[in-house]
Every structure is written in structure tokens, then in C-alpha cells.
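Shown next, in C-alpha cells, is the structure this report addresses.
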Amino acid sequence: MRFSVLQFPGANSDQDCLHAVRVLGHEARYLWHKESEIGGTDAVLVPGGFSYGDYLRAGAIARFSPIMQALVRFANEGGLVLGICNGFQILCEAGLLPGALIRNRELHFRCEHVFLKIANPETPFTRVAPDSGVIRVPIAHGEGCYFADQETLSRLTESRRILWQYCDQEGTPSEDANPNGSVQNIAGVCNEKGNVAGLMPHPERACEPVIGSAEGASVLESMIQTLSERGQH
């Protein structure tokens with residue numbers, strides 16, 4: 001499979017994404033923010049960091065990069081897109097995902113491992129999952145509190161578009177397990193078509209046992225399995 005990793009000024013997880021894809025035995029390349037075409041690729045990763053210094057608000061300037069017009073076309077044509085942390089914020093700003101990411105509840109930057117419940121295991125991003133339905137991955141964000149109005153939340157719930165929720169080790173979403181105050185403990189969602197997803201935690205930083213956890217690899221492996229079934233290689 002061929003993955004493209006977008007690069008914005010201020011990104012800091014683009015190298016992690018590239019490495020994670022290659023660890024899993026697939027091709028990955030960088031795609032600079034000033035490019036106007038996606039080119040030949042099977043999936044796109046929008047990485048974490050602080051694109052354009054997070055000026056105005058997280059993801060607000062990156063949303064207007066030339067590459068984003070191409071990304072919207074790619075997504076509208078059914079291409080798989082995953083936004084991680086700042087990438088999630090960018091996808092929300094671009095209108096590819098519903099809701100918004102705002103300042104953490106206690107206004108503190110949080111950098112730690114968390115547990116995620118896979119709320120819908122039947123998507124291109126979650127289909128490869130442990131039997132427990134729970135994965136342990138790191139977070140690193142100051143504006144990771146997911147918010148949406150009640151109408152949007154109802155639609156997300158009814159259509160099973162909430163993909164990941166912060167939880168305890170047993171898989172129970174709770175206030176204590178919520179690191180940022182996200183409504184309904186939401187850590188990640190997808191669009192109506194199910195081909196675009198975003199999550200605040202960093203699965204690409206949990207793809208090898210040597211760095212403390214390989215459970216994040218299941219997110220990328222889910223995408224790879226989906227692409228394989230589509231006949232892409």
C-alpha cells in the first residue's frame with residue numbers, strides 16, 4: 001500500500017507517521033503543504049503537531065493550504081484519510097469532519113498514555129482490534145476537547161460514527177478516564193461515508209513494542225486491510 005503523509009510548517013508527527021507505515025511493511029512518502037495534487041496514493045495521513053504555529057486556533061491556517069483542496073477531492077472520491085491530533089483539528093476546520101476541538105478542560109497540555117474503547121469495530125479504521133476492544137496509546141495535546149452540538153452528537157451516535165472513546169483499562173468510559181473534557185468521552189469520529197476519520201491520540205507513536213506499546217498499529221492495520229480488500233496494493 002502507498003501512504004502519503006502531509007507536511008505542514010510546525011508539524012512534528014510526520015516522521016512518526018512515515019516510520020509507522022514503513023514498520024508495517026508499506027510505502028510512505030511526504031506530501032508538502034504547497035502541493036496542489038495528491039498524486040498516486042492509496043491513503044493519506046494528516047499528522048499531529050502545531051501546523052503554522054497553531055496561530056488563530058489549531059488547524060485554522062492549515063485548512064487553507066493548497067494541498068487541502070486536493071485532499072478534499074481525494075476524500076470526496078472515497079479515498080481513506082486519517083487525521084491524528086492536529087490533523088484531526090485540521091479536518092474539522094476543513095469541514096471534512098463534524099465538530100470542533102477546543103482547549104482542554106483544565107487548560108493544561110496533557111502528555112501521557114490513555115486507554116481507548118473502540119466504539120465501532122466495523123469501520124476502515126477500527127476493524128483490526130484486540131479482543132478486549134481497548135487499545136493503549138499516547139496523547140499530547142492542549143486543545144483536544146471534542147465538542148459538537150446536541151443535534152450533531154445525536155447524528156454521530158445514531159450512525160455509529162463515534163469510533164473511539166476515552167475509557168479505563170476495562171473499557172468503561174468515565175469522567176476520570178477523560179483527559180481533556182471531551183463530550184461523551186469522544187476521542188475520534190468519522191464522516192458520513194466512513195472514509196475520513198480523526199482522533200486525538202497518537203496511534204503512530206504506539207506501533208512497536210520497543211517504544212512501550214504496539215496497540216496503535218491496529219489503526220493503520222485496519223486501513224491496510226480495507227485497502228487490500230478494495231484491490232489496492
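What follows draws every value from the coordinates through simple rules; no lab data is involved. None of these values were measured; they are calculated from a predicted model. Methodologically, a virtual Cβ is constructed for each residue, glycine included, from the backbone with ideal geometry; neighbour enumeration extends over all protein chains shown.
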Quiz item: Per the helix-only calculation at 222 nm, which mean residue ellipticity applies to the chain, given -39500 (n - 2.57) for every DSSP H run of n ≥ 4 and division by its residues, nearest 500 deg cm²/dmol?
Solution: -6500 deg cm²/dmol
Quiz prompt | Sorted by Cβ neighbour density within 10 Å, fewest at the top, the residues Lys193, Lys117 | solution = Lys193, Lys117
Practice problem: Take every DSSP beta bridge with both residues inside the chain and express the antiparallel ones as a percent of the total, to the nearest 5. | Solution: 60
Practice problem: Select from Pro47, Pro130, Pro179 the residue whose mean-square fluctuation is largest in a Gaussian network model of the chain (Cα-Cα springs shorter than 10 Å). | Solution: Pro130
Quiz item: In what sequence do Ser36, Ser182 fall when counting other Cβ within 10 Å, fewest first?
Solution: Ser36, Ser182
Exercise. Add +1 for every Lys or Arg and -1 for every Asp or Glu among the other residues with Cβ under 11 Å from the Cβ of Ala217, and state the total.
Key: -3
Quiz item: Expressed as a whole number of Å, what is the distance separating the alpha-carbon centroids of region 51-93 and region 107-127?
Solution: 19
Practice problem: Name the long-range amide H neighbours of Ala28: under 5 Å, sequence gap of 5 or more, or other chain; modelled H, no Pro or chain starts. | Solution: Phe3
Quiz item: When Lys and Arg each count +1 and Asp and Glu each count -1, what net charge do the other residues less than 13 Å away from Val134, Cβ to Cβ, add up to?
Solution: -2
Practice problem: For the chain, just run the numbers: alpha carbon Rg, then divide by 2.2 N^0.38 Å, N being how many residues it has. | Solution: 0.91
